[in-house]
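Okay, structure first, notes after.
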Amino acid sequence: MVSTEGPRSTEAPRSAEVPRPAPSRRGRPRSFDRETALEKAIMAFWEHGYEATSVSDLTRIMGIGAPSLYAAFGDKRALFDEAVVEYGKRYAAFGERALAEEPTARSAVRRILREAAVRYTTPGRPQGCLFVHAAADCGSSEVGETLRNRRNATIAAVESRVRADVAAGELPADTDAGALARYTGAIIQGMSQQARDGASRAELEALAEIALSIWPRA
């Protein structure tokens, strides 16, 4: 009987090729905690100011390399702007809360000055206020303007509360709201510098009481 099959191949059958997955394009995971690094940057700017804090200082203090800093925060100016915003939320919001919660401008300012005496002298942190100190010897007009706007916003908020108290009869009708708010701002900024110069909490609290003693009454 004649077979109808053709000659058999002696080659081994080829296995089906399995396509390899494309290499991942995801970058390397960040090897540091961003919030922790930002907190360290806040402390650096708070302690030394903007101008005196270099990028090399920041990378050393934050424990990251320059490429990681730029990738996570942008340049030094962008990092400072973010640090200012976070400082305002974490350490400087007590003034805004006092103005919103206290029944009168005088009681709000009393609370602000007393809390400033505590916060500006807290052990383990830079003394004084970042909004005041970071502007010292600052060669950047934009940075100086950012901090000046922050300080002026506080003065404007106090002035608004004073005007409301005048309208409500809580303060004399002839009260100079603008001057009283500027006076309050000068005391707050002075307390910050005094804390930097070594004034204690008790000394700043005494200063606050003297400042309040000239506050007008209805």
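Listed values, structure above:
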| quantity | calculated |
| --- | --- |
| Residue order, fewest to most surrounding Cβ atoms within 10 angstrom, among 191, 43 | 43, 191 |
| Residue 101/residue 52 FRET efficiency (R0 35 Å; Cβ-Cβ; nearest 0.05) | 0.45 |
| Whole-Hz couplings from phi, Karplus 6.51/-1.76/1.60, listed for the range 102-118; x for Gly and Pro | 7, x, 9, 5, 4, 5, 5, 5, 4, 5, 4, 5, 5, 5, 4, 4, 6 |
| Length gained when the stretch residue 213-residue 167 is fully extended (0.36 nm per residue, less Cα-Cα span) | 14.4 nm |
| Note, ³J(HN,Hα) from phi for the range 169-183, Karplus 6.51, -1.76, 1.60, rounded to Hz, x at Gly and Pro | x, 6, 10, x, 5, 8, 4, 7, 4, x, 5, 5, 5, 5, 4 |
| Extreme residue, positive dipole direction of the range 34-88, given options 43, 54, 88 (C-beta unit charges) | 54 |
| Separation in nanometres of the label points that stand 7 Å from Cα toward Cβ, at residue 153 and residue 90 | 1.7 nm |
| Full-extension gain in nm, residue 186 to residue 118, via 0.36 nm per residue minus C-alpha separation | 22.7 nm |
| Full-extension gain in nm, residue 203 to residue 36, via 0.36 nm per residue minus C-alpha separation | 56.8 nm |
| Separation of the residue 136 and residue 60 label points, Cα + 7 Å toward Cβ, nm | 2.0 nm |
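A short reminder: the numbers here are calculations on the coordinates, not readings from a lab. None of these values were measured; they are calculated from a predicted model. Counting neighbours? That spans all protein chains shown, and the Cβs are built from the backbone with ideal geometry, glycine included.
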